[in-house]
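So the structure is just underneath, and the comments pick up after that.
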Amino acid sequence: MSILESILLFLHMLGLAGILAGFLMQVMTDNPKSVKVLLHSSLLQLVSGLLLVGAIEMGDLGELNHVKIGIKLLLSLAVVVVGIMNLRKPSTRLATIAGVIAVVNIGVAVFW
């Protein structure tokens with residue numbers, strides 16, 4: 001189960017990198033592909049995070065703080081919603097909001 005957990009964590013971090021890259025691409029260059037990068041990366045992070053929690057719960061690999069997981073889930077859903085809104089009507093303001101929420105999500109993961 002440790003290998004599965006490592007793979008899911010790797011995918012989760014790739015999703016995070018993609019969110020931040022999409023945010024920076026859209027803010028700095030106004031590249032039209034950046035909105036898709038942001039959306040697809042946020043979906044990757046959401047799905048890999050859910051699978052990661054499921055793998056840890058099923059494998060009994062440790063105790064999870066379910067309040068923290070719930071807050072991280074809400075933040076991830078917010079990034080996905082903002083990513084969808086950004087896809088429909090691209091805006092650097094929406095990309096900035098998604099980037100800030102993603103950074104807050106990182107802060108919750110690291111400091112809580």
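What to note about this one:
- Taking the criterion of being in contact with a Leu (Cβ under 7 Å, 6 or more places away or on another chain) and hydroxyl-bearing (S, T, Y), the only residue of the stretch 66-112 that qualifies is S76.
Residue-wise test of (1) assigned to a helix (DSSP H, G or I); (2) of a type in the set (G, A, S); (3) within 19 Å of G15 (Cβ to Cβ).
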position: G54; (1), (2), (3): yes, yes, yes
position: E63; (1), (2), (3): no, no, no
position: K68; (1), (2), (3): yes, no, yes
position: I71; (1), (2), (3): yes, no, yes
position: S76; (1), (2), (3): yes, yes, yes
position: I84; (1), (2), (3): yes, no, yes
position: R93; (1), (2), (3): yes, no, no
position: T96; (1), (2), (3): yes, no, yes
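- Flag for L77 being within 27 Å of I3 (Cα to Cα), surrounded by fewer than 19 Cβ atoms within 10 Å (Cβ to Cβ) and within 9 Å of the chain's Cα centre (by Cα): yes
- If you check I3, I19, I7 for being without any contact (Cβ under 8 Å) to a residue 12 or more places away in the chain and surrounded by 14 or more Cβ atoms within 10 Å (Cβ to Cβ), only one passes: I7.
- Selection from the stretch 16-44 of residues that are in a helix (DSSP H, G or I), of a type outside the set (A, V, I, L, M, F, W, C) and farther than 16 Å from I97 by Cβ: G18, T29, K36, H40
- Unmet criterion (only one of (1) touching a Gly at 6+ places or on another chain (Cβ under 9 Å); (2) at pLDDT 90 or above) for S6: (1)
- Residue in the stretch 59-66 that is at pLDDT below 95 and crowded, with 17+ Cβ neighbours inside 10 Å present: no
- S34 polar (S, T, N, Q), surrounded by fewer than 15 Cβ atoms within 10 Å (Cβ to Cβ) and over 12 Å from the mean Cα position of the chain (by Cα): no
The values are calculated or read from the model by the stated rules, or taken from the named source; none is laboratory data. All values reported here derive from a predicted model rather than from experimental measurement. When we count neighbours, we look across all protein chains shown, and the Cβ atoms used for this are built from the backbone with ideal geometry, even at glycine.
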